[in-house]
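Q: Right, I'll just put the structure down here and ask away after.
Nothing in this text is a laboratory measurement; each read-out follows from the coordinates by a stated rule. Because the structure is a prediction, the values reported are computed rather than measured. As a convention, Cβ positions derive from the backbone with ideal geometry for all residues, glycine included, and neighbour counts pool all protein chains shown.
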């Protein structure tokens with residue numbers, strides 16, 4: 001596919017994360033603040049974060065050690081996943097693709113995570129100028145009922161990959 005590599009997928013994930021942060025910026029107004037566009041960006045970020053695993057797993061010449069490690073990093077049905085944030089991204093990506101997830105296709109312990117709220121508002125503290133079209137989402141982990149702010153989940157998912165790659169001998173690609 002266009003001779004792309006896992007490094008390209010990593011960069012794609014970062015570009016979507018940057019777009020996601022912009023959708024939540026209350027000090028600017030852009031076309032991406034429109035709710036449907038902003039929601040698409042959230043879904044695409046989750047897909048890119050989740051699919052990085054497959055790009056690494058199926059990379060040409062990838063060692064079996066790396067393949068095993070990346071499979072363990074984002075396992076299905078694990079009661080204590082190495083990254084809850086990536087597990088939630090995986091469920092959102094799969095839910096966006098399939099509509100309904102069934103056991104054991106979910107990654108978040110106890111059942112799939114889902115986006116349960118999408119609002120537009122300014123948040124405190126506000127800086128002038130501000131607008132009320134900044135996008136905010138809540139993600140719920142079904143088993144615990146805990147809710148997470150989607151931008152925090154996205155940041156932690158990126159941070160998880162940024163830690164996992166060098167810990168497993170893969171250099172962080174330049175952005």
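Q: Could you work out the relative contact order of region 136-175? I mean the mean sequence separation of Cα pairs under 8 Å and 6+ apart, divided by the number of residues, in percent.
A: With pairs under 8 Å counted, the relative contact order is 25 percent.
Q: Take 73, 45, 106 and order them by how many other Cβ atoms sit within 10 Å, fewest up front.
A: 73, 106, 45
Q: While we're on this one: Can you tell me how region 132-175 classifies by the Cα gyration tensor, rounded, prolate or oblate, using a/c under 1.5 as the rounded cut?
A: oblate
Q: Same structure, new question: FRET efficiency for residue 159 and residue 105, Cβ-Cβ distance as r, R0 = 30 Å, nearest 0.05?
A: 0.75
Q: Then there is this: Between residue 63 and residue 21, what length in nm is gained on full extension when 0.36 nm per residue of separation is reduced by their alpha carbon distance?
A: Once the chain is fully extended between residue 63 and residue 21, it gains 11.7 nm.
Q: I've got another one for you. What distance in nm lies between label points placed 7 Å from Cα along the C-beta direction at residue 146 and residue 71?
A: With each label placed 7 Å out from Cα toward Cβ, I get 2.8 nm.
Q: Any idea how far the Cα center of region 44-67 sits from the one of region 141-175, in Å?
A: Using only Cα atoms to place each centre, the spacing works out to 14 Å.
Q: Report P(r) for region 1-99: all Cα-Cα distances, bin width 5 Å, range 0 to the bin holding the largest distance, values in whole percent.
A: P(r) over region 1-99, rounded to whole percents: 2, 13, 19, 20, 19, 13, 8, 4, 2, 0.
Q: For region 53-92, compute Rg over Rh where Rg is the Cα radius of gyration and Rh is the Kirkwood radius from the inverse mean 1/r over Cα pairs.
A: 1.01
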